[in-house]
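Peer 1: Sharing a structure, written as structure tokens. Questions coming.
No lab work stands behind these numbers, since they all come straight from the coordinates. Keep in mind that this is a model prediction, so the values were computed, not measured. For neighbour counting, all protein chains shown are included, and Cβ atoms are generated from backbone atoms with ideal geometry for every residue, glycine included.
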């Protein structure tokens, strides 16, 4: 009797990278289909070709480090698209999304190079949590617009899309983008929905084939499940440290929480501890504590103080 394998979410960042980020004809076709579904839902012109800028590579997720796995492609119109998936998060993900957009945009040129070389950077964030509770739509996108004349955009170089999977509506299955999101929600666990989605959609059929190949690869499964556990553990550490700090004074509590969180993952020097203890601004401490959940290193947290 075969042992039942632990479920791997289709929203695993490794699977998304595997499906959309392989430098192959199939992967390029699927990421093109997905991007065009987002563009079509936004009212923007679709594209016909993509070039992988950071193809899938095992070394990206070897070891224990929970680094960001994203997909970066360039189109025939010389636009940069960045796709990232996030299973857990809070309201501060808005700042994270803007930060990673800024890194993508600024990385195009070095100091002293001409700004005319900068390409539009479009960020697509696939979220398995609700980020924008006051907006009922599951697809929202943001641009730089004039405060009084909303129809006037400063530039088309900044567009950030948020796709919130928990808000998806099964009644709108005629929309290609909705089918993609329902696929990511249902793959591997909702057979009834998957049967409907796969019936007449060759793109989702191809995605389903890749999912089966991914989940049948023991190494890829182990990495995907390991990263998911690491993300849960980080959130648990944050929750535990907050509870521990409740018995302490308000400012001291914030110091205690931040130091404990960082010491559970990193080694803090006395100077770094003193840097934290010297902060008297609650907002800075709160921002650093929240940033810990998504931090790749301690420096990215400490610089917020």
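Peer 1: To check you understand DSSP bridge types, tell me what percent of the beta bridges within the chain (both residues inside) are antiparallel, rounded to 5.
Peer 2: Details: 14 of 28 bridges.
Restricted to the chain, the bridges split so that about 50 percent are antiparallel.
Peer 1: Then there's this: If I fit a long axis through the Cα atoms of helix 250-265 and take the longest principal axis of the Cα atoms of the chain, what angle between them do I get, 0 to 90°, rounded to 10?
Peer 2: For helix 250-265, the angle is close to 60 degrees.
Peer 1: Right, another one. For segment 8-53, rounded, prolate or oblate, judged on the Cα gyration tensor with a ≥ b ≥ c (square roots of eigenvalues), a/c < 1.5 rounded, else prolate if a/b > b/c?
Peer 2: Note, shape of segment 8-53 comes out oblate.
Peer 1: Round to the nearest 0.05 the FRET efficiency obtained for residue 284 and residue 129 when R0 = 25 Å and r is the Cβ-Cβ distance. Write down the numbers at each step before the final one.
Peer 2: On the way: r = 25 Å, r/R0 = 1.00.
The calculated FRET efficiency here is 0.50.
Peer 1: Sorting check: for 81-92, 275-286, which peptide has the highest mean count of neighbouring beta carbons within 10 Å, and how do the rest follow?
Peer 2: 81-92, 275-286
Peer 1: Note the listed values (i) 64; (ii) 58; (iii) 51, then indicate which one is percent of Cα pairs over 24 Å apart calculated from this particular structure.
Peer 2: Given (i) 64; (ii) 58; (iii) 51, the structure-derived one carries the label (ii).
Peer 1: Starting from 0.36 nm per residue, how many nanometres of slack lie between residue 137 and residue 233 once their C-alpha separation is accounted for?
Peer 2: Gain on extension, residue 137 to residue 233, equals 31.5 nm.
Peer 1: Calculate how steeply helix 93-106 sits against the longest principal axis of the alpha-carbon atoms of the chain, using the helix alpha-carbon long axis, and give the answer as 0 to 90 degrees to the nearest 10.
Peer 2: 70
Peer 1: Now for a different question. When only Cα pairs under 8 Å and 6 or more residues apart are kept, what is the percent relative contact order across the chain?
Peer 2: 16
Peer 1: Multiplying the sequence separation of residue 190 and residue 77 by 0.36 nm and subtracting their Cα-Cα distance, what value in nm do you get?
Peer 2: In short, 36.9 nm is gained.
Peer 1: Based on DSSP H runs of at least 4 residues, each adding -39500 (n - 2.57), what is the mean residue ellipticity at 222 nm of the chain after dividing by all its residues, to the nearest 500 deg cm²/dmol? Write out the running numbers ahead of the final one.
Peer 2: Details: 11 runs with 142 residues, N = 305.
Using -39500 (n - 2.57) per qualifying helix, the result is -14500 deg cm²/dmol.
Peer 1: If a/c stays under 1.5 just call it rounded; otherwise compare a/b with b/c (prolate if a/b is bigger, oblate if not). Do that for segment 96-215, with a ≥ b ≥ c from the square roots of the Cα gyration tensor eigenvalues.
Peer 2: prolate
Peer 1: Alpha carbon centre of segment 98-126 versus segment 10-24: separation in Å?
Peer 2: When both Cα centres are located, 22 Å separates them.
Peer 1: Starting from 0.36 nm per residue, how many nanometres of slack lie between residue 260 and residue 115 once their C-alpha separation is accounted for?
Peer 2: 47.9 nm
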